[in-house]
Amino acid sequence: MKGARVKSEEKPRRRLSIVILFIVVIIGLFLLLVNFITDWMWFAEMTYVSVFFKQLFTQLEIGIPVFIIIGILMDVYLKRLRKGYFTHIASHEETDMKKLGRYTNIVAAVFALIIAFYTSSKLWFKILEFANSTSFNKKDPLFGLDISFYIFKLDFLKQLNELLIAVILLFIIVTLLYYMILITMHSPDIMEEDETTADFTDDEERYTGNSNPFGDNTPFGKIFGGVGGARRQAKPRKHFDDNNFKQLLTIASGQLTLLGVVFFIMLAIDFFLKQFDLLHAHTGAVYGAGFTDVNVTLWMYRVLVVLSIIGAVMTVYHIRKKQLKKVFTIPVIMICVGLAGVGIALVVQNLIVSPDELDKESKYLSRNIEYTQSAYQLDNVSVKKFSATEDLSSADISDNSQTISNIRINDYTPVKTFYNQTQSIRQYYKFNDVDVDRYTINGNLTQTYLSTREIDESKISDTWLNRHIKYTHGYGITLSKVNTVTSSGQPDVLIKNIPPASSIKEIQVTQPRIYFGELTNDYTLVNTTEDEFDYPDGSSNKYNKYDGTAGIKLNPFARIMFAIRENSLKLLVSTNVSSKSKIIIYRNVEERVKKIMPYLSYEDDPYAVTVNGRIYWIVDAYTTSSYYPYSEPYSGTTGSTNYVRNSIKVVVDAYNGDVNYYIIDKNDPIAKTYQKIYPKLFKDFSQMPQALQSHIRYPNALFEIQANIYTRYHMSNVKVFYQNEDQWSIANEIYGTKEKEMTPNYYIIKLPGEKNAEFISSIPYTPKSKQNMTALMIARNDGDNYGKIVLYQFPKSKTIYGPQQVESLIQQNTQISQDFTLWSQSGSTYSRGNLFVIPIKDSLLYVEPIYLEAANSAIPEVKRVVVVYGDNIAYESNLGDALDSLFGSSGGADKSSTAKNDSSSSGSTSKSDYITKAQDAYNKAQSALKDGDWTAYGEYMKQLSDYLNKL
């Protein structure tokens, strides 16, 4: 009775344990699925549910069939193993076949699950690329395969083969594991027992002491006999059972044969695929397969393929013949061939190719040049001769007023500093970046700076209410021309203040709120019972309620989900949040676009534009690959990216958060393949609103990559290319006070031979290790000319000043050098802006602004503008005066300046008078310093500072 009571008590406990375990598992799965569920809600909000489920559905479409097929095959395989084992292996033990069947099914299922999980999680996107690949209509020169094979298929085949090799190894492990299970549950009688009997004579009988009163066949008799009356028998002798052991080896040899054959076949495929990697190799002077690769390494791989196939055949033969040692003959030969191939390649490269490299590699260098140019879209560069004459007249300057009036004399860094000092309004606002763009202002195409005013989350009170409910958005933009300054030398701001006040009739910002930006890194809650801070209004604040379309409604289920996701109990219990409230996540522009489409590369600097009263972000997206044949990687590292296109523009609404992907390059096969995979995500460029189309820019990041590649790959002649006879460098300039390599700059210029000015980006070249300029590369940005690259090549018969030579001319100018010295001595900080190389007709004009930051001011101002034309230098307080002094015409350039304002307010004292006085004060201060008269030194330095400030 007591035992029954214990058992009855154990049953409820066991049931309770099962229930608790089940609840724990459910909760665990629920927590694991929180991110999945909330992301699903977000993609539904973005109307990109098909994009979200594309991965899951593809993985299921791959994983389920793989699981079923592999599971069935493995189950059949294991059952055949079991059948063979039981047929050939004798055992005295009784086997629990039901239990063994469960183990068989579990092993097969686990094996299939591992393979299916790896295949679906690692290869799903590669499979989609393979299935939707788009032809490049260009073949590689070695194997004659379309380039799409290398971009979309080669990596998939390599990974698939690696997976199969891993499967073989895992297969061996599973086979051994299953044999261990079989041996444990059905132990083979490897040790055989001899039957022995007592040594009695036929006529002799011996008393055994056995007298069982219950009988031998009754239950009590068996017990009684087992306890005391069992007949003692001699202990059997054991010896090795050769038959069972041989049967084990026979079964094992069959499995080894199968695995060996499959392994050698996989090895053959691996070596076969390796030959295609030669097109991305770097041997000697060639990027791609060179002389040694084609004539040695390629044949080594082919021999290894043949040997692998022979190895598969010989494995079957030798194992059947029970010649196990000979199985290793082919692998040894393969190792020897591999080592010999590497050795021969080194000998050929060093003793045959290197002494006659140009002749031996000529054909392969030609391929290298052609395919690198194609990979970076440098095969259609329009090369034009530019005479660089010095015959510009006043009329020429006036005729090019569209170019002159858009020369940038404000610089990024001073403008950003100025915006943050004067337009941030409150300490919690910040202008994160300044972007160059163009707008039509008063009927003219005008280059501008634009920056958004965002909330700096580090500057607001760090409470949950403030971070997620109160301070939800930035407010407004600041916009100014790049070519005009105020009388104090600061940017002339055209859109400013809060709310935005615009002095331009063409640009009015009617929806200035910025819920999505570069600094919006946290989630926010809208439509709560608490009003959102909108903007400061004098000593008080204005408040607002969000009425846009962004956000996920917080019903009770969603509220629980996001509370868990954000680890926020306040989100769950706050009385400010109701069922009408919405949560907005992924508000950072970069994070937002990457979350939707992570298989593109993105520009790390989105730029803002204002169109039809709203603010948008434009993000440049790139399609890239490291498998383009014979193309040199732009980083110089073998195996890194060697193909790039800016094929996609992404537009994000700063208020509603809508994200749209537009394909701008219809000829890019990678973009077309992605469009096949995600038909509802990618739109044609024609679907982008016309107002936004006018603001797309050719990205400087891509242009800089192309410009660097072109320093060498402009040489199409193999001999010239090999010897680097005409290699170029990106020109250097002095920026601030230090020398640095120039970067592309945007301009509005009327190019030679064109009727209208257009938005372009340019970068100058010099011959390698020289300072004179040899060419100017320009990327066009507008309309049908978008993406076209023009190279203006200067005559080699005369010297064209390069940027660094112009910088030296500026530095050597007596008046300029004096001012630099005086400003430094007075404690002020001067800096030199970008040097602009501007083509006008057949001539070149160089412009460089000079900035001054006074010791008691944190805002740099445009103090001087230097214009260089030939050997002539103009150094004036504004661009208009500088052009006037050189050509007799300002060309419509701005003439506002600090100096003029100062001179008009200080009687008849001219600029030259102040310079003379400043120089005199400086000389007197130095004399006083030598005499040790510190009082006089201080007075003269104060005078010097006053004169410089008036300058």
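The values are calculated or read from the model by the stated rules, or taken from the named source; none is laboratory data. All values derive from a computational prediction rather than experimental measurement. Neighbour counts run over all protein chains shown; Cβ positions are idealised from the backbone, glycine included. The protein model used for the area step is the full one, side chains on, heavy atoms only, and it has no ligands, DNA or RNA in it. Shrake-Rupley method; radii C 1.70, N 1.55, O 1.52, S 1.80 Å.
Within the stretch 634-656, how many residues turn out to be within 20 Å of Val589 (Cβ to Cβ), touching a strand residue (DSSP E or B) at 6+ places or on another chain (Cβ under 7 Å) and not β-branched (Val, Ile, Thr)? Steps first, answer last, please.
In the first step, residues of the stretch 634-656 are kept if they are within 20 Å of Val589 (Cβ to Cβ); the result is 646-656.
From what is left, the residues that are touching a strand residue (DSSP E or B) at 6+ places or on another chain (Cβ under 7 Å) are 646-655.
Checking the rest, the ones that are also not β-branched (Val, Ile, Thr) come to 646-647, 649, 653-655.
Residues meeting the conditions: 6.
Scanning the stretch 519-537 for residues that are under 15 Å from Asn466 (Cβ atoms) and charged (D, E, K, R), which turns out nearest to the chain's Cα centre (by Cα)?
Among those that are under 15 Å from Asn466 (Cβ atoms) and charged (D, E, K, R), it is Asp522.
Conditions (1) of a type in the set (Gly, Ala, Ser); (2) open to solvent by 10 Å² or more (accessible area, probe 1.4 Å), marked per residue:
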residue: Ala621; (1), (2): yes, no
residue: Ser626; (1), (2): yes, yes
residue: Glu632; (1), (2): no, yes
residue: Ser635; (1), (2): yes, yes
residue: Thr641; (1), (2): no, yes
residue: Arg645; (1), (2): no, yes
residue: Ile648; (1), (2): no, no
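Collect the residues in the stretch 712-757 that are surrounded by fewer than 21 Cβ atoms within 10 Å (Cβ to Cβ), among the charged types (D, E, K, R) and touching a Leu at 6+ places or on another chain (Cβ under 9 Å), keeping them in residue-number order.
Lys719
Which members of the stretch 538-567 meet the condition of being within 27 Å of Asn35 (Cα to Cα), more than 32 Å from the chain's Cα centre (by Cα) and loosely packed, with under 14 Cβ neighbours inside 10 Å?
Residues satisfying the conditions are Asp547, Asn555, Pro556, Phe557.
Just need a number here: residues in the stretch 507-537 that are within 22 Å of Leu479 (Cα to Cα) and open to solvent by 50 Å² or more (accessible area, probe 1.4 Å).
Adding up the residues that qualify gives 3.
Taking Glu370, is it touching a Phe, Trp or Tyr at 6+ places or on another chain (Cβ under 8 Å), assigned to a helix (DSSP H, G or I) and open to solvent by 30 Å² or more (accessible area, probe 1.4 Å)?
Values: touching a Phe, Trp or Tyr at 6+ places or on another chain (Cβ under 8 Å): yes; assigned to a helix (DSSP H, G or I): yes; open to solvent by 30 Å² or more (accessible area, probe 1.4 Å): yes.
Yes; evaluated as a whole, the condition is true for this residue.
Which residues, taken from the stretch 41-54, are crowded, with 16+ Cβ neighbours inside 10 Å and outside any loop (DSSP other than H, G, I, E, B)?
Selection gives Met41, Trp42, Phe43, Glu45, Val51, Phe52, Lys54.
I'd like the residue in the stretch 55-68 that is touching a residue at least 24 places away in the same chain (Cβ under 8 Å) and open to solvent by 60 Å² or more (accessible area, probe 1.4 Å) and, out of all such residues, is farthest from Tyr599 (Cα to Cα). Reasoning before the result, please.
Residues of the stretch 55-68 that are touching a residue at least 24 places away in the same chain (Cβ under 8 Å), as a first pass: 55, 58-60, 62-64, 66-68.
Adding the requirement that they be open to solvent by 60 Å² or more (accessible area, probe 1.4 Å) leaves 55, 60, 64, 67-68.
Numbers: Gln55: 12, Leu60: 20, Ile64: 24, Phe67: 27, Ile68: 30 Å.
Only one residue fits best here, namely Ile68.
I need every pair where a residue in the stretch 76-87 that is surrounded by 14 or more Cβ atoms within 10 Å (Cβ to Cβ) has its Cβ under 7 Å from the Cβ of a residue that is at pLDDT 85 or above, sequence separation at least 6 or different chains.
Taking only residues 6 or more apart or on different chains, the pairs are Leu78/Thr104; Leu78/Val107; Leu78/Ala108; Lys79/Thr104; Arg82/Thr104.
So for the stretch 616-632 (the condition being part of a loop (DSSP other than H, G, I, E, B) and touching an Asp or Glu at 6+ places or on another chain (Cβ under 6 Å)), does at least one residue qualify? Steps first, answer last, please.
Here is the first cut: in the stretch 616-632, the ones part of a loop (DSSP other than H, G, I, E, B) are 626-632.
Within this subset, residues satisfying the condition of being touching an Asp or Glu at 6+ places or on another chain (Cβ under 6 Å) are 629.
Yes, some residue in the stretch 616-632 is part of a loop (DSSP other than H, G, I, E, B) and touching an Asp or Glu at 6+ places or on another chain (Cβ under 6 Å).
If I ask for residues that are aliphatic (A, V, I, L, M), within 20 Å of Thr673 (Cα to Cα) and open to solvent by less than 40 Å² (accessible area, probe 1.4 Å), which ones from the stretch 113-149 would you list?
Pass one, the stretch 113-149, residues aliphatic (A, V, I, L, M): 113-116, 123, 127-128, 131, 142, 145, 147.
Pick out the ones that are also within 20 Å of Thr673 (Cα to Cα) and you get 123, 127-128, 131, 145, 147.
Residues satisfying the conditions are Leu123, Leu128, Ile147.
Would you be able to tell me the number of residues in the stretch 466-506 that are touching a Gly at 6+ places or on another chain (Cβ under 9 Å) and either at pLDDT 95 or above or open to solvent by less than 10 Å² (accessible area, probe 1.4 Å) (or both)? If you could, list the steps in order and put the result at the bottom.
We begin by selecting, within the stretch 466-506, every residue touching a Gly at 6+ places or on another chain (Cβ under 9 Å); these are 473-474, 495-500, 506.
From what is left, the residues that are either at pLDDT 95 or above or open to solvent by less than 10 Å² (accessible area, probe 1.4 Å) (or both) are 473-474, 495.
Adding up the residues that qualify gives 3.
In the stretch 381-402, what residues are among the β-branched types (Val, Ile, Thr) and out of contact with any helix residue (DSSP H, G or I) (no Cβ under 9 Å at 6 or more places or on another chain)? Walk me through it before giving the result.
Quick first cut of the stretch 381-402, residues among the β-branched types (Val, Ile, Thr) only: 381, 383, 389, 397.
Of everything in the stretch 381-402, those that are among the β-branched types (Val, Ile, Thr) and out of contact with any helix residue (DSSP H, G or I) (no Cβ under 9 Å at 6 or more places or on another chain) turn out to be Val383, Thr389.
Ser762 is checked against (1) under 22 Å from Val847 (Cα atoms); (2) surrounded by fewer than 20 Cβ atoms within 10 Å (Cβ to Cβ); (3) small (Gly, Ala, Ser) and fails just one. What number does that condition carry?
It fails just one condition, (2).
Specify the residue that is most open to solvent (accessible area, probe 1.4 Å); the eligible residues are those in the stretch 254-313 that are under 26 Å from Ser362 (Cα atoms) and among the acidic types (Asp, Glu).
Asp277
Quick one: which residue in Lys325, Lys360 is in contact (Cβ under 8 Å) with a residue 60 or more places away in the chain and basic (Lys, Arg)? If you could, list the steps in order and put the result at the bottom.
Working: Lys325 fails: in contact (Cβ under 8 Å) with a residue 60 or more places away in the chain.
One residue alone meets the criteria, Lys360.
Those residues that are without any contact (Cβ under 8 Å) to a residue 12 or more places away in the chain and not polar (S, T, N, Q), I need them from the stretch 112-144; list them, please. Reasoning before the result, please.
Of all residues in the stretch 112-144, those without any contact (Cβ under 8 Å) to a residue 12 or more places away in the chain come to 131, 137, 139, 144.
Passing the criteria: Ala131, Lys139, Gly144.
From the list Ile352, Ile397, pick out the single residue that is under 28 Å from Met715 (Cβ atoms) and hydrophobic (A, V, I, L, M, F, W, C).
On the way: Ile397 fails: under 28 Å from Met715 (Cβ atoms).
Answer to the selection: Ile352.
From the list Leu883, Leu852, which one is open to solvent by less than 10 Å² (accessible area, probe 1.4 Å), touching a Gly at 6+ places or on another chain (Cβ under 9 Å) and either at pLDDT 90 or above or of a type outside the set (Val, Ile, Thr) (or both)? Break it down stepwise before answering.
Details: Leu852 fails: open to solvent by less than 10 Å² (accessible area, probe 1.4 Å).
None of the other options fit; the residue is Leu883.
Hey, does the stretch 80-99 have a residue that's aliphatic (A, V, I, L, M), assigned to a helix (DSSP H, G or I) and under 44 Å from the mean Cα position of the chain (by Cα)? I'd like the intermediate steps shown before the answer.
Looking only at the stretch 80-99, we keep the residues that are aliphatic (A, V, I, L, M), and these are 81, 89-90, 97.
Now narrow it down to the ones that are assigned to a helix (DSSP H, G or I): 81, 97.
The next check asks that each one be under 44 Å from the mean Cα position of the chain (by Cα); those that pass are none.
Looking for residues that are aliphatic (A, V, I, L, M), assigned to a helix (DSSP H, G or I) and under 44 Å from the mean Cα position of the chain (by Cα), one finds none in the stretch 80-99, hence no.
Does Lys649 qualify as being in a strand (DSSP E or B) and either β-branched (Val, Ile, Thr) or without any contact (Cβ under 8 Å) to a residue 60 or more places away in the chain (or both)? Even if it seems obvious, please write down each step before you answer.
Values: in a strand (DSSP E or B): yes; either β-branched (Val, Ile, Thr) or without any contact (Cβ under 8 Å) to a residue 60 or more places away in the chain (or both): yes.
Here the answer is yes, as Lys649 does meet what is asked.
Any residue at all in the stretch 387-410 that is open to solvent by 20 Å² or more (accessible area, probe 1.4 Å), of a type outside the set (Asp, Glu) and under 35 Å from the mean Cα position of the chain (by Cα)?
Scanning the stretch 387-410 turns up no residue that is open to solvent by 20 Å² or more (accessible area, probe 1.4 Å), of a type outside the set (Asp, Glu) and under 35 Å from the mean Cα position of the chain (by Cα).
Just to be sure before I move on: is Leu378 open to solvent by less than 60 Å² (accessible area, probe 1.4 Å), at negative phi, touching a helix residue (DSSP H, G or I) at 6+ places or on another chain (Cβ under 6 Å) and outside any helix (DSSP H, G or I) in the structure I sent?
Values: open to solvent by less than 60 Å² (accessible area, probe 1.4 Å): yes; at negative phi: yes; touching a helix residue (DSSP H, G or I) at 6+ places or on another chain (Cβ under 6 Å): yes; outside any helix (DSSP H, G or I): yes.
Judged against the criteria, Leu378 is a match.
On the basis of being under 22 Å from Thr821 (Cα atoms), surrounded by fewer than 21 Cβ atoms within 10 Å (Cβ to Cβ), touching a Gly at 6+ places or on another chain (Cβ under 7 Å) and modelled with pLDDT under 90, does Glu861 make the cut?
yes
Could you say which residue among Thr529, Thr484, Thr524 is without any contact (Cβ under 8 Å) to a residue 60 or more places away in the chain and polar (S, T, N, Q)? Please lay out each step first, then the result.
Numbers: Thr484 fails: without any contact (Cβ under 8 Å) to a residue 60 or more places away in the chain; Thr524 fails: without any contact (Cβ under 8 Å) to a residue 60 or more places away in the chain.
Criteria check complete, one pass: Thr529.
Which ranges mark the strands (runs of 3 or more DSSP E) fully within the stretch 451-553 that have 2 or more residues being farther than 23 Å from Thr610 by Cα?
Working: elements: 477-485, 491-496, 524-526, 532-537, 540-544.
It comes to 524-526, 532-537, 540-544.
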